[in-house]
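There's a structure below that I have some questions on.
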Amino acid sequence: MDKLNALYQGKAKTAWETSDPDRVIMEFRNDTSAFDGGKTASLERKGLINSAVDSFVMQHLEAAGVPTHFERRIDANHVLVKRLQMLPVECVVRNRASGSLCRRLGVEEGAELNPPVFELFLKDDALHDPMITQSHCVTFGWASAEQLAEMEALTHQVNDVLKPLFLDAGMILVDYKLEFGLFNGQMVLGDEFSPDGCRLWDAQTHRKLDKDVFRQDLGDLVESYQEVAHRLGVELP
Ligand code: 5GP
């Protein structure tokens, strides 16, 4: 399937129209950004590693009964996905305290969160993705109460599937962000699941293996992502 017009260019991915109105090609680029685009870099191999990890995770979720947009991997940097009508809401689950939760609530980094925390953010770069509640979503029409209930249930289901997957590979799934969309009226997991949108720590040492390596200048991001892929048993070209 060929790439036609670019539908959307995000900070790390581009979505391309195809000859099938219901299918989109997602390109994982090497572009890396943090702090609302305040820090950027182009990192060789990052796109293909994220594409490989995303494909692996999405297939694992699909096999476990989570509806995802994933159809098939096309080549190193490209994946064919269903074209969803995306909801402008980011769903975050936190198993351990880190990042903005620590800044907002003064919780110590690494504290275990039981039950895991579920949060909603508005996907809006200009507003810096503010935290929102169900009430905002319903009042402003970003998602209905029923859709939110479905998104929350699926986000927790993803946690039940991925926590053990990562732990078996020697990593703690600290937190992650998911985005959902509708396909023929069905709520489906879209966007991506890669170390760009989650936090992963070494299970023993708590060494960071995700985008915090870039955010906090902790070392070589591509080496860390390669280690995540390697630990999961994901083959890289
Ligand atoms: P925090 O709210 O602590 O900054 O982020 C919580 C989790 O969601 C982290 O794993 C972070 O990487 C992910 N996340 C939050 N917002 C975004 C975003 O706009 N883009 C990406 N790729 N990940 C995000």
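The values are calculated or read from the model by the stated rules, or taken from the named source; none is laboratory data. Remember, predicted model here, so these are calculated numbers, not experimental data. All Cβ positions, glycine included, derive from the backbone under ideal geometry; neighbour counts span all protein chains shown. Heads up: the accessible areas ignore ligands, DNA and RNA and are worked out on the full protein's heavy atoms, side chains in. Shrake-Rupley method; radii C 1.70, N 1.55, O 1.52, S 1.80 Å.
What nm distance separates the two modelled labels at ALA34 and LEU182, each placed 7 Å from Cα along Cα→Cβ?
Here the answer is 3.7 nm between the modelled labels.
Connecting C-alpha atoms closer than 10 Å in a GNM of the chain, tell me which of ASP210, ASP191, ASP22 has the biggest fluctuation.
Looking only at ASP210, ASP191, ASP22, the biggest GNM fluctuation is shown by ASP22.
Could you check how much of the accessible area of the chain is carbon and sulfur, as a whole percent, using a 1.4 Å probe? Could the numbers behind the result be given before it?
Details: 5480 of 11110 Å².
The value for the chain is 49 percent carbon and sulfur by accessible area.
5 Å is the cut-off here: which amide hydrogens, built 1.01 Å from N in the peptide plane, fall below it relative to LEU113, excluding neighbours closer than 5 in sequence?
ARG96, ALA97
Determine one quarter of the surface area of the Cα convex hull of segment 95-212, which equals its mean projected area, and express it in nm² to one decimal.
Working: hull surface 32.5 nm².
The directionally averaged projection comes out at 8.1 nm².
Say each of ARG103 and ASP217 gets a label point 7 Å from the Cα, pointing the same way as Cα to Cβ; how far apart are those two points in nm?
1.7 nm
Shifting gears a bit: To the nearest 0.05, how large is the calculated FRET efficiency for LEU236 and ASP160 if R₀ is 25 Å and r is the Cβ-Cβ distance?
Details: r = 27 Å, r/R0 = 1.09.
Calculated value: 0.35.
Something else: Return the single residue from HIS69, HIS60, HIS78 with maximal mean-square fluctuation; model: Gaussian network over the chain, springs between Cα atoms under 10 Å.
Greatest mean-square fluctuation among the candidates belongs to HIS60.
Please report the relative contact order for the chain, taking Cα pairs under 8 Å with a sequence separation of at least 6, and give it as a percent rounded to a whole number.
Values: 448 pairs, mean separation 43.2, N = 237.
Relative CO of the chain lands at 18 percent.
Return the calculated 222 nm mean residue ellipticity for the chain, to the nearest 500 deg cm²/dmol, obtained by summing -39500 (n - 2.57) across DSSP H runs with n ≥ 4 and dividing by the residue count. If you can, show how the numbers build up before the last one.
Numbers: 6 runs with 72 residues, N = 237.
After summing the helix terms and dividing by the residues of the chain, the value is -9500 deg cm²/dmol.
Along its three principal axes, how long is the chain when you only count alpha carbons? Whole Å, largest extent first please.
The Cα atoms of the chain stretch 48, 46, 36 Å along the principal axes, largest first.
In whole Hz and in residue order, list the ³J(HN,Hα) couplings for segment 82-88 that follow from phi through the Karplus curve 6.51 cos²θ - 1.76 cosθ + 1.60, θ = phi - 60°; x for Gly and Pro.
Couplings: 5, 7, 9, 8, 6, 8, x Hz.
If packing is taken as the average count of other Cβ atoms within 10 Å, what order do 202-209, 168-175, 117-124 fall into, highest mean first?
Numbers: 202-209: 14.9, 168-175: 19.8, 117-124: 16.5.
Put in order of decreasing packing, that is 168-175, 117-124, 202-209.
Could you give each residue of segment 102-118 its phi-based ³J(HN,Hα) in whole Hz, using Karplus coefficients 6.51, -1.76, 1.60 with θ = phi - 60°, and x for Gly or Pro?
Each residue of segment 102-118 in turn: 5, 5, 6, 10, x, 7, 6, 4, x, 4, 6, 10, 9, x, x, 7, 10 Hz.
Can you list the DSSP H helices in the chain whose Cα atoms extend at least 27 Å along the helix axis and whose mean Kyte-Doolittle hydropathy is -0.5 or higher? Display every interim value, and only then the final one.
Working: long enough: 145-168 (35 Å, 0.00).
TM-like helix candidates: 145-168.
Right, something else. Quick one: accessible area per residue over the chain, 1.4 Å probe, rounded to a whole number of Å²? Mind showing how you got there, number by number?
On the way: 11110 Å² over 237 residues.
Heavy-atom SASA per residue in the chain reads 47 Å².
Checking the cross-link filter: which lysines have an alpha carbon closer than 21 Å to that of LYS13, excluding same-chain neighbours under 8 positions apart?
Cross-link targets: LYS3, LYS39, LYS46, LYS82, LYS123, LYS177, LYS211.
Relative to the present Cα-Cα distance, how much length would full extension add between LEU167 and HIS128 at 0.36 nm per residue of separation?
This chain segment gains 10.9 nm when fully extended.
With springs only between Cα atoms under 10 Å apart, run a GNM on the chain and tell me which of ASP129, ASP196, ASP212 wobbles the most.
Judging by the Gaussian network model, the answer is ASP129.
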